[in-house]
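What follows is a short report on a single structure.
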Amino acid sequence: MNIMSTSDLYELFLKYPHVCIDSRKATEDSIFFALKGDKQDGNQYASQALEKCPYAVVDDPMVVNSDRYILVDDALAKLQNLATYHRKRLGLPILAITGTNGKTTTKELTAAVLKKKYNVAYTQGNLNNHIGVPLTLLSMTKEHDFGVVEMGASHGGEIEKLCKIALPDFGIITNVGKAHIEGFGSYEGVKNAKAELYRYLHDNDGLAFVNYDDETLEDMEPPHNIFYYGTKIFTHCQGLVVSCDPFLTFKWIPSDDVIDDETDVIDNDLYTVHTQLFGEYNFNNAMAALSVGRKFGVSVADIKSAIENYIPTNNRSQITKTDKNTLLLDCYNANPSSMQVALRNFAKLTAENKVLMLGEMRELGESSAREHSAVLALAEELGFDDVYLVGKNFMGVNGYTDFHRFETVEDLISHLDKVKISQSTIMIKGSNGTHMIKIVEANVL
């Protein structure tokens with residue numbers, strides 16, 4: 001039986017440089033970490049993992065029966081410590097991205113821009129929590145020049161903990177909105193939690209990329225070192241939305257110094273970016289990415305190319321055309337803030353036969369009824385009359401009798417299979433737990 005320090009485990013990791021937390025995905029060059037979840041205990045799968053990989057890190061002494069088991073006090077803590085140890089020895093610059101909305105899209109765009117010049121390691125999918133961040137760090141190698149790490153949180157203190165694991169040199173808070181109120185307690189709780197990234201950067205002489213248009217971010221006291229972007233003057237990168245019907249087009253002007261007089265963005269096609277993203281709210285995500293590229297010496301032409309060629313495939317800001325309808329998919333997540341901007345953007349879109357399909361919002365605590373009612377009030381105010389709602393939180397809102405309501409997405413799919421909607425532009429949005437993507441998979445639209 002082995003009892004290893006982090007430094008000794010790291011020597012083993014250098015020989016077997018892949019980490020596995022799913023015994024079914026173990027390989028001969030990986031180390032299995034037995035993590036405990038709400039429903040599963042990885043210790044019970046260590047023997048299965050060892051059929052394929054050489055070592056398993058466990059924290060239950062009862063499963064240890066050979067020297068291929070590495071017993072530790074806490075397998076998750078050891079995974080996190082190993083990730084930080086590895087990050088320190090690589091020494092590459094790391095950018096952390098958090099925020100209520102847009103962090104995954106910003107991460108993807110930023111990675112696309114940086115890859116034009118650097119070998120970039122970045123968060124895959126949505127692995128942005130206390131497990132995903134260590135896995136992202138441990139995927140980095142000496143071949144990489146830059147790391148981009150997405151950080152998510154549903155409770156106070158989580159971003160601070162993730163910062164202590166990843167030790168970022170740079171950071172972006174995309175925005176602060178109403179999400180996970182149940183865990184944060186209040187909107188102020190959300191602000192304080194996201195500001196943990198700013199506090200870490202301040203204490204460690206880091207640099208933040210800050211949207212100068214967002215007064216909330218300035219109130220959160222970003223660090224002394226700041227790279228500003230936005231629509232206003234006095235920014236390092238100033239932009240302007242040209243159109244968004246349906247895809248976002250914007251132009252921008254870079255400056256080596258803060259712009260100190262009234263100026264418009266430059267009238268030059270090189271500085272005009274035609275994205276494949278719908279939603280004006282993606283302007284801030286794109287501006288953040290190009291600002292990072294500008295700071296780290298990516299050429300203007302490469303910045304333009306990277307953002308223009310990015311096609312979302314993760315059910316965020318994604319447009320799909322079927323043989324019957326045009327679908328605007330934004331159904332990975334939803335909260336009051338993202339719902340509001342999505343509805344307002346959809347209202348501006350030039351299209352006939354607009355249809356709304358909204359899944360309920362989760363983790364809003366005591367504010368849930370109020371926030372769901374506010375979404376329906378906005379939908380009515382904006383003139384939407386063909387509205388389909390999914391989830392108990394929408395079922396409980398009084399009024400709005402013309403809106404169609406369904407307790408589950410399966411109930412809605414059954415209805416759609418009968419009514420046969422066609423020649424419409426349909427926006428589908430909802431919290432991931434409502435599984436709104438099943439509507440697309442069912443091929444009823």
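The values are calculated or read from the model by the stated rules, or taken from the named source; none is laboratory data. Treat the numbers as computed from the prediction; the structure is a model and nothing was measured. Neighbour counts run over all protein chains shown; Cβ positions are idealised from the backbone, glycine included. Heavy atoms of the whole protein, side chains included, go into the accessibility calculation; ligands, DNA and RNA do not. Shrake-Rupley method; radii C 1.70, N 1.55, O 1.52, S 1.80 Å.
Note that segment 52-184 presents 37 Å² accessible area per residue, ligands and nucleic acids not counted, probe 1.4 Å.
Relative contact order of the chain: 11 percent, from C-alpha pairs under 8 Å at least 6 residues apart in sequence.
Mind checking the dipole of segment 2-64: about its Cα centre, +1 per Lys or Arg Cβ, -1 per Asp or Glu Cβ, Debye to the nearest 20?
That gives segment 2-64 a dipole magnitude of about 160 debye.
Consider a paramagnetic label point 7 Å from the Cα of residue 74 along Cα→Cβ; state which residues of segment 154-175 have an amide N under 16 Å from it. So the set is 157-166.
Estimated from helices alone, the mean residue ellipticity of the chain at 222 nm is -10000 deg cm²/dmol (sum of -39500 (n - 2.57) over DSSP H runs with n ≥ 4, per residue).
For segment 221-231, backbone phi angles converted through the Karplus equation (6.51, -1.76, 1.60; θ = phi - 60°) give residue-by-residue couplings of 6, x, x, 5, 8, 9, 10, 8, 9, x, 9 Hz, Gly and Pro being listed as x. For segment 385-445, the solvent-accessible area with a 1.4 angstrom probe is 50 square angstrom per residue.
What does DSSP give for the chain in terms of the percent of beta bridges that are antiparallel, rounded to the nearest 5?
Details: 16 of 64 bridges.
Percent antiparallel among DSSP bridges in the chain is about 25.
Across the accessible surface of segment 11-130, with the other protein chains kept in place and a 1.4 Å probe, carbon and sulfur atoms take up 45 percent.
Can you tell me the FRET efficiency between residue 8 and residue 154 if r is taken as the Cβ-Cβ distance and R0 is 35 Å, rounded to the nearest 0.05?
With a Förster radius of 35 Å, E is 0.55.
If you run the Gaussian network model on the chain, springs between alpha carbon atoms under 10 Å, then out of 303, 421, 165 the most flexible one is 421.
Normalised by the number of residues in segment 301-406, the mean separation of alpha-carbon contacts (under 8 Å, six or more apart) gives a relative contact order of 21 percent.
Could you tell me which of the pairs 78/161; 25/78; 115/295; 78/115 are separated by over 24 angstrom between their Cα atoms in the structure shown?
From 78/161; 25/78; 115/295; 78/115, over 24 Å: 78/115.
Spin-label pair residue 300-residue 116: with each label point 7 Å from Cα along the Cα-Cβ axis, the two points sit 1.1 nm from one another. For segment 125-169 versus segment 209-239, the inter-centroid distance based on Cα atoms is 23 Å. Taking Cα atoms, how many degrees apart are the long axis of helix 75-90 and the longest axis of the chain, rounded to 10 and kept between 0 and 90? The two axes meet at around 90 degrees. Based on every Cα atom in segment 1-148, Rg and the maximum pairwise Cα distance Dmax equal 16.1, 50 Å. Surface composition of segment 275-419: carbon plus sulfur atoms contribute 43% of the solvent-accessible area (1.4 Å probe, protein chains only, all chains present). Taking the charge dipole of segment 21-159 about its Cα centre, with +1 at Lys and Arg Cβ atoms and -1 at Asp and Glu Cβ atoms, the residue from 146, 57, 129 reaching farthest to the positive side is 146. Other residues with beta-carbon under 14 Å from the beta-carbon of residue 417 carry, at +1 per Lys or Arg and -1 per Asp or Glu, a net charge of +1. Rounded to whole Å, give me the distance from the Cα center of segment 358-380 to that of segment 53-76. The two parts, judged by their Cα centres, are 46 Å apart. As a length-normalised measure over Cα pairs under 8 Å and 6 or more apart, the relative contact order of segment 27-169 settles at 22 percent. Backbone phi angles across segment 50-66, fed through the Karplus curve with coefficients 6.51, -1.76 and 1.60 (θ = phi - 60°), yield HN-Hα couplings of 5, 5, 10, 10, x, 9, 10, 8, 10, 10, 10, x, 5, 8, 6, 9, 7 Hz in residue order; Gly and Pro are listed as x. Computed 3J(HN,Hα) for segment 409-424, one whole-Hz value per residue from the Karplus formula 6.51 cos²θ - 1.76 cosθ + 1.60 where θ = phi - 60°, is 5, 5, 5, 5, 4, 4, 5, 5, 5, 8, 7, 6, 5, 8, 6, 10, glycine and proline marked x. Amide hydrogen proximity for residue 148: with H placed 1.01 Å from N in the peptide plane, the residues at 5 or more positions away or on another chain lying under 5 Å are 95, 121, 122, 123. Based on the Kirkwood approach, the hydrodynamic radius assigned to segment 321-445 is 14.4 Å, with every pair of different Cα atoms included.
Using only alpha-carbon positions in segment 271-357, the gyration tensor eigenvalues give semi-axes of 27, 15, 11 Å once each is multiplied by 5 and square-rooted (largest first). The magnitude of the dipole of the chain, with charges of +1 and -1 set on the Cβ of Lys/Arg and Asp/Glu and taken from the Cα centre, is near 1040 debye. Sorting 154-162, 389-397 by average packing, meaning the other beta carbons within 10 Å per residue, from highest down gives 389-397, 154-162.
Helix 6-15 and the longest principal axis of the Cα set of the chain meet at an angle near 80°. Seen against the Cα atoms of the chain and their longest principal axis, helix 336-348 is set at about 40 degrees.
In the set [x] 31.4, 107; [y] 23.8, 78; [z] 23.4, 72, which value of Rg and Dmax of the Cα atoms in Å was calculated from the structure you see? Step by step, Rg and Dmax of the Cα atoms in Å for this structure corresponds to label [z].
Shown for segment 68-164 is the translational diffusion coefficient from the Stokes-Einstein equation, using the Kirkwood radius over Cα pairs, a temperature of 25 °C and a viscosity of 0.890 mPa s: 176 µm²/s.
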